[in-house]
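Data first, discussion second: the structure below is written as structure tokens.
The values are calculated or read from the model by the stated rules, or taken from the named source; none is laboratory data. Since this is a predicted model, take the numbers as computed values, not measurements. Glycine also receives a Cβ, built like all others from the backbone with ideal geometry; neighbour counts cover every protein chain displayed. Note: accessible area is taken over every heavy atom of the protein model, side chains too, but ligands, DNA and RNA are not part of it. Shrake-Rupley method; radii C 1.70, N 1.55, O 1.52, S 1.80 Å.
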Amino acid sequence: MLRFYLLISLLTVTFVIPSYAFSQSVYETPPETLVKLVDAPPIPAISISPDEQTVLLLKRPNVPGIEDLASPELKLAGLRFNPENFGPSRSSHYTGLSLRTIESEDERLVTGLPSNGRIRNLRWAPDSKHIAFTIDFADDIALYIANIEEAEARRILDLSINDVYSTSAISWMSDSRHLLARIIPADHGAPPTEPRIPSGPIIQEHDGDEAQARTYQDLLKNAHDEKVFEYYVTSQPVLIDIEKNKLTPLSEPGLITRISPSPNAQYIILQYLHKPFSYLVPAYRFPISKEVIDLEGNVVQEIADLPLAENIPTAFGSVRKGIRTVNWRSDQPATLYWVEAQDEGDARLQTDVRDEVFMQEAPFDKPPLSIAELELRYSSIWWSEDNMALISEGWWNTRQRRIYRFNPEKPSQKMDLVFDLSTEDRYSDPGRPVFETTKWGTSVMMTADKGRSIYMTGNGASQEGNRPFLRKVDLNSGEHETLFQSEEPYYEYPVRILSKRNGQVLTRRESTDTPPNYFLRNLKKDTLTPVTSFPHPYPELSGIDKQMLVYEREDGVQLNATLYTPSGYDAERDGPLPTLLWAYPREFKSADNAGQITDSPYRFKTISYWGALPYVTQGYAVLDRTSMPVIGEGDEEPNDTFVSQLVQNAEAAIQAGAETGAVDPKRVAIGGHSYGAFMTANLLAHSDLFRAGIARSGAYNRSLTPFGFQAEQRTFWDAPEIYFEMSPFMHAPKVNEPILLIHGEADNNSGTYTMQSIRYFNALKGHGKIARLVLLPYESHGYRARESLLHMLWETNNWLEKYVKPENKVVDPTG
């Protein structure tokens, strides 16, 4: 009976939405306090030179206007780009650059920058004397370099960068004189014009092999799309001499996706796509060739030519067949390494060896050498200059992660297991190695004791909250020496070791009322010197109170949340407040790990316009980063009890908030973005804990993502009852509280296409429920335009004011 009902449900969701269901409105503006959050000046970013002497300060722009998002955009093969300048249409950028030394506060503004450009792709030269970057204009992407000593920028040649594919558009060679770049070919011509009359039908044919794929957006649809894709992705790799202003082509134009120079600047990895293309998967799974060329453009090594990858299994841990992850060893002049699956890339197969790692040294006239066989799936390699490397492997189903030490010069020796970890156990996370820069400008692990020890930084998760650390770890014994650990009332993270001999460390320090700034900490002298002094972005809101809550749900699983209350609020005097609970569900295989604390009570109170915190300024209590674990231990899958665990989590959070006196349990709204929106709709359908819901950019019908979603590996046909039970669309009649649905009109996130909200709204409407659907023009999965953000805040604030703040609950008209 259940399967029959599912079939009927699948059929009924294909109805056409009538045009009269929508009306065009105007952008609204929320209260002034919320407007100020959107318009607050963003804190600059910083970048440290390879020689660790210079700080580059990067000015961030305020949020763009809707006219920015309305610029021309093409959506092909999973790429979104501006056809007028051959660059990404939705990317972050900077608007200004300034320089200072690491120990001086004197800033020098970089001159020679155009006033109307967008700075991206910043790259330090290995010798720290120049910075290369691109500047986006309306119809062009230009290449610039800035001289550090003179703080002056200039354009390099009259060429146009092709950054449609948005990977390695520019790269320095290790001589700091030459740049690699992908440019628009000189004789590129005009783009293909779409024929008014089609030449025939669109046909897809399959040979019968299993080819499952998750739900992707912006795919190719027809032959014209293929031609347009080829036109815009085609680029020419060139070598640029910045001293002579000379350009040398390295190969014929092609669908170049990557150019990567060897550390010694003698060879280049060149990767390019070719046909046949696919209408089922994005461009990164198209056929791809990988080869090594010299500086004359001669192919010196053909690494791999991989076919179309439509049939990668959806099981987590599955990868593409053949050679993957081709890179240069960062500790050697010109040695390739790569990974090759030994299980056909299929995580469902049982095998003793999943991946094998190979390396091959220039001039590539000897066979590749196997350097590691891995029982789990390859994750990464970290190299050092002491004939020592660390290699990491992991497996999703068990959440296991292992890190081994090996000598790459003696690959026949057995690898030493250094760490055996659970990716869920944040309390036992040893951190990540600290890196330093080589003479070639590459990064290698910073070592000590002739390679026996390394330095590691981490979040320092603990029962008291995160306390970032810097440690020196002995790889032989596993023992460590803590060189620094953050202490209350601050949250301080080690960013970079500037001098291990002198104990000089660059840190990023903040407190609840002090925004993040950078400091020089001398571990030997125990001194702290400010490097930056960024001001409080909204000092008028500094009085907002922040409190970490730790509590348990009814089955004993420990949970936590951060409670925010308005400035000047007193629970005894003012009584409980209407509350917004904001969360995002996460899957776990261990109940103990699910309850670990992942925040710090000493972090700066960032009142971002994006989440729930803005509404603390409107008189609400906010439960933010509320634990919403979904646990499946042993052979159980987390989603087998997804709904009941959500309800348990929500009940516990509301009770914990109520016990502080700040949360009124009868006036709580639930909200979330993406999977948090999915959670919101489920909680409204399966509980009566909330007054209302705010669901942004969610997916509500899992039969529309039949080959898996989020952490669910089973297909719809494997577990139809799970897909049905977890889909709010199937339970629309049970929703008894008002729900606000907000969605970007151009959402490209896998599974959360805009149709999900449209169909869910119509299901609610068809059952007489209180619902409102807001579609934001030009917006994707996350919203960017100032008008969109202000309208989102206005909609949410109005919804809370109407349905949550009043003492009396709005009654569901359907009973």
Single residue of region 227-284 satisfying the filter (more than 20 Å from L336 (Cβ to Cβ) and basic (K, R)) that is surrounded by the most Cβ atoms within 10 Å (Cβ to Cβ) | K227
Which residues, taken from region 623-647, are free of Cβ contacts under 8 Å to residues at least 60 places away in the same chain and either open to solvent by 40 Å² or more (accessible area, probe 1.4 Å) or closer than 15 Å to R691 by Cβ (or both)?
-> E633, G634, D635, E636, T641, S644
So which of A561, A612, A594 ends up being more than 24 Å from P468 (Cβ to Cβ) and under 28 Å from the mean Cα position of the chain (by Cα)?
-> A612
Could you please let me know if R786 is under 25 Å from the mean Cα position of the chain (by Cα), more than 24 Å from T215 (Cβ to Cβ) and not acidic (D, E)?
-> yes
Restricted to region 505-531 and to residues being closer than 19 Å to K605 by Cα and assigned to a loop (DSSP other than H, G, I, E, B), the residue least open to solvent (accessible area, probe 1.4 Å) is T512
For region 44-62, which residues satisfy the criterion of being surrounded by fewer than 17 Cβ atoms within 10 Å (Cβ to Cβ) and outside any strand (DSSP E or B)?
-> P44, D51, Q53, R60, P61, N62
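Against the condition under 22 Å from E310 (Cβ atoms), modelled with pLDDT of 95 or more and surrounded by 18 or more Cβ atoms within 10 Å (Cβ to Cβ), how does A341 come out, does it pass?
Numbers: under 22 Å from E310 (Cβ atoms): yes; modelled with pLDDT of 95 or more: yes; surrounded by 18 or more Cβ atoms within 10 Å (Cβ to Cβ): yes.
Spelling it out, A341 is indeed under 22 Å from E310 (Cβ atoms), modelled with pLDDT of 95 or more and surrounded by 18 or more Cβ atoms within 10 Å (Cβ to Cβ).
Within region 651-668, can one find any residue that is of a type in the set (K, R) and touching a His at 6+ places or on another chain (Cβ under 8 Å)?
Taking region 651-668 first, the residues of a type in the set (K, R) are 666-667.
Imposing the further condition that a residue be touching a His at 6+ places or on another chain (Cβ under 8 Å) reduces the set to none.
Checking region 651-668: not a single residue is of a type in the set (K, R) and touching a His at 6+ places or on another chain (Cβ under 8 Å).
Might you check whether a residue that is on the phi > 0 side of the Ramachandran plot, modelled with pLDDT under 95 and not in a helix (DSSP H, G or I) occurs anywhere in region 733-752?
Just the residues of region 733-752 that are on the phi > 0 side of the Ramachandran plot, to begin with: 751.
When the remaining residues are screened for being modelled with pLDDT under 95, the result is 751.
Next cut, not in a helix (DSSP H, G or I) only: 751.
Yes: region 733-752 contains one or more residues that are on the phi > 0 side of the Ramachandran plot, modelled with pLDDT under 95 and not in a helix (DSSP H, G or I).
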Given (1) open to solvent by 70 Å² or more (accessible area, probe 1.4 Å); (2) outside any loop (DSSP other than H, G, I, E, B); (3) polar (S, T, N, Q), number of the condition T482 does not satisfy = (1)
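Against the definition (surrounded by fewer than 19 Cβ atoms within 10 Å (Cβ to Cβ), out of contact with any strand residue (DSSP E or B) (no Cβ under 6 Å at 6 or more places or on another chain) and aliphatic (A, V, I, L, M)), how does A571 come out, yes or no?
Details: surrounded by fewer than 19 Cβ atoms within 10 Å (Cβ to Cβ): yes; out of contact with any strand residue (DSSP E or B) (no Cβ under 6 Å at 6 or more places or on another chain): yes; aliphatic (A, V, I, L, M): yes.
Yes, satisfied.
Could you pull out the residue among A658, A650, A695 that is assigned to a helix (DSSP H, G or I), touching a residue at least 24 places away in the same chain (Cβ under 8 Å) and open to solvent by less than 10 Å² (accessible area, probe 1.4 Å)? Outline the logic, then answer.
Values: A658 fails: open to solvent by less than 10 Å² (accessible area, probe 1.4 Å); A695 fails: assigned to a helix (DSSP H, G or I).
Answer to the selection: A650.
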Could you say which residue among I184, I202, I156, I145 is out of contact with any Ser or Thr (no Cβ under 9 Å at 6 or more places or on another chain) and either open to solvent by 30 Å² or more (accessible area, probe 1.4 Å) or within 19 Å of L76 (Cα to Cα) (or both)?
-> I202
Those residues of region 285-309 which are surrounded by fewer than 17 Cβ atoms within 10 Å (Cβ to Cβ), at negative phi and in a loop (DSSP other than H, G, I, E, B), in sequence order | L295, E296, N298, P307
